[in-house]
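What follows is a short report on a single structure.
The values are calculated or read from the model by the stated rules, or taken from the named source; none is laboratory data. All figures in this text were calculated on a predicted structure; none of them were measured in a lab. All Cβ positions, even for glycine, are placed from backbone atoms using ideal geometry, and neighbour counts span all protein chains on display. Heads up: the accessible areas ignore ligands, DNA and RNA and are worked out on the full protein's heavy atoms, side chains in. Shrake-Rupley method; radii C 1.70, N 1.55, O 1.52, S 1.80 Å.
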Amino acid sequence: MTSRQNVHIEGDRRTGKTSLVLEVCARLRNITLLHVDFMLVKNIDDMRGRLVDGLSKVSLHAGVFERLVKALAHLRPTVSVNPATGEPTLSVAPAGDARPDGKSLVELLEFTRAGFSGKRPVIFFDEFQDVLKIPNAKTLLAILRSSIQNHHDCVYIYSGSSRSDMDSVFRDPDSPFFKSAIPVPVGTIERKDFVPFLIGKFKQGGRTASVDIINALLDMVSDNPGDSQELCNCLWETTENDATLVSADIENALSLIFAREFKYFEQVIDSATPIQKKCLHGIAALDGVGVYSNRFFELTGVHNPGTITKAIKRLQDNRIVHSSGKKLVFASPFLKLWLLRNPHF
Ligand SMILES: Nc1ncnc2c1ncn2[C@@H]1O[C@H](COP(=O)(O)OP(=O)(O)O)[C@@H](O)[C@H]1O
Ligand SMILES: [Mg+2]
């Protein structure tokens, strides 16, 4: 980043991409970070709203809020006060009938570049793959790219949790962003480091955790750092000081997670067709492999490969599962663990 090289952070959800960028930026001094989260962004208006929101926060911090309001006068900005923080926030009217194009986005990026020049602006587009889903995404990406490539005084960081989508942006020769940023992979933490680290943390709080217990816990969440953290946190909350942790404690901790996430599970189940539900149970039982095997047919009662393909495609489109290598992986490992314990749902 200090060499002004644009980067794209690759890694599955909850591997720590956002945390990494925020932590690095917090440590580097004299940086102005504009963090824009594009998760589930719907259209260009929505993108623009999120950029304005990020800009509003960073401008306030840098004491250039009024300049921002003036610069965006043509977008009919509204200033309101956030009741929680008492700070002013800025929003702009949707473009409405005016055919939205990428111009207003480019203007906002220009404002960031010019307004914070000399303050080392870092523009962080988080969950960038969701931009691909908006109408006219291809044209928009081309417009953005042609503007960004002239921003030599800004660093752009793109992060996204969908590897295939991020690949189509940065690794496809037909994409305007092809090779425009250096890939930085963020993955799981190696067990040789993570296991002693976690044992040490539990010990500090008076809990004794064996290597086996920690390994079992990490197996459950496939070593995902964010999910490990959540499970460890619940394990902490559900055990007493001086406890020696056993398997039943992990089950208790899981029950707490299930209770917290039940709304999500219910939503997944309610929105799935009966065949999709059977496939979900089958995928959970076979840990994401062999979905055309006899075992899968037996488990699910679905025998037609075409039907299975269609159901899985829908589950992928709805981001309930995704493929990772040859395996189908649940977006939430806790959903998988819950399905295994609740076959009747
Ligand atoms: N190195 C790490 N070790 C343990 N937990 C981490 C680490 N990095 C992030 N986390 C935790 O994991 C969760 C997900 O991190 P986040 O940065 O939001 O992931 P991502 O942006 O990849 O989806 C957060 O709760 C965060 O506190
Ligand atoms: Mg993130």
- Query: Going by accessible area, probe 1.4 Å, with all protein chains left in place, what is the ranking of 59, 255, largest first?
  - Reply: 255, 59
- So how tilted is helix 17-27 from the main axis of the chain? Cα-based, degrees 0 to 90, rounded to 10. 50
- Task: Kindly give Rg over Rh for the stretch 1-84, based on alpha-carbon atoms, with the Kirkwood expression for the hydrodynamic radius.
- Result: 1.00
- Message: Can you give me the angle between helix 247-271 and the longest principal axis of the chain, using Cα atoms only, in degrees from 0 to 90, rounded to the nearest 10?
- Response: 60
- Task: Report in % the part of the accessible area of the chain that belongs to carbon and sulfur, leaving out ligands and nucleic acids; probe 1.4 Å.
- Result: 53
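Roughly how large, in nm² to one decimal, is the mean projection of the convex hull of the alpha-carbon atoms in the stretch 272-345? Please report the intermediate quantities before stating the final value.
On the way: hull surface 17.1 nm².
Orientation-averaged projected area of the Cα hull: 4.3 nm².
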- Relative to the chain, whose Cα atoms define the longest principal axis, helix 305-317 and its Cα axis are tilted in degrees, nearest 10, by 50
- When every protein chain stays in place and a 1.4 Å probe is rolled, 61, 344, 303 sorted by accessible area with the largest first are 61, 344, 303
- Note on the structure: Cα pairs beyond 21 Å in the stretch 190-271, in percent, come to 27
- Query: What distance in nm separates the simple spin-label points at residue 327 and residue 182, each placed 7 Å from Cα in the Cβ direction?
  - Reply: 3.0
- Task: Pop the C-beta distance of residue 248 and residue 171 into the FRET formula with R0 = 35 Å and round what comes out to the nearest 0.05.
- Result: 0.15
- the chain - share of DSSP beta bridges that are antiparallel (%, nearest 5): 30
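How long is the gain from residue 208 to residue 229 if the chain were fully straight, where each residue apart is worth 0.36 nm and the alpha carbon distance is subtracted?
On the way: separation 21, 0.36 × 21 = 7.56 nm, distance 1.70 nm.
Stretched out fully, the residue 208 to residue 229 stretch lengthens by 5.9 nm.
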- Within a Cβ distance under 13 Å of residue 316, other residues only, what is the Lys/Arg minus Asp/Glu net charge? +4
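Once the Cβ-Cβ distance between residue 201 and residue 79 is put in as r, and R0 is 45 Å, what FRET efficiency do you end up with, to the nearest 0.05? Before the final figure, lay out the partial values.
Working: r = 44 Å, r/R0 = 0.99.
In this case the efficiency is close to 0.50.
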- For the chain: accessible area per residue (Å², 1.4 Å): 52
- Report ³J(HN,Hα) in whole Hz for each residue of the stretch 205-210, in order, from the Karplus equation J = 6.51 cos²θ - 1.76 cosθ + 1.60 where θ = phi - 60°; Gly and Pro get x. x, x, 9, 9, 10, 7
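Compute the FRET efficiency between residue 69 and residue 304 as 1/(1 + (r/R0)^6), taking r as their Cβ-Cβ distance and R0 = 51 Å, and round to the nearest 0.05.
Values: r = 60 Å, r/R0 = 1.17.
Step by step, r from the Cβ atoms, then E = 0.30.
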- Task: Would you check the accessible area of residue 236, probe 1.4 Å, heavy atoms only, in square angstrom rounded to 10?
- Result: 100
- Item | Computed lengthening from residue 292 to residue 146, 0.36 nm per intervening residue step minus Cα-Cα distance | 48.1 nm
- In nm, what is the difference between 0.36 nm times the number of residues separating residue 20 and residue 267 and their Cα-Cα distance? 85.9 nm
- What accessible surface, in Å², does a 1.4 Å probe find on residue 78, ignoring ligands, DNA and RNA and rounding to the nearest 10? 80
- Query: Modelled label-to-label distance, residue 5 and residue 241, 7 Å Cα→beta-carbon offset: nm?
  - Reply: 4.9
- Task: Over the Cα atoms of the chain, compute the convex hull volume and normalise it per residue, giving Å³.
- Result: 180
- Task: May I have the pair-distance distribution P(r) for the stretch 20-128, computed from all Cα-Cα distances with 5 Å bins from 0 and rounded to whole percent?
- Result: 2, 11, 22, 24, 21, 13, 5, 1, 0
- Item | Net charge, residue 218 excluded, C-beta distance under 10 Å - Lys, Arg +1, Asp, Glu -1 | -2
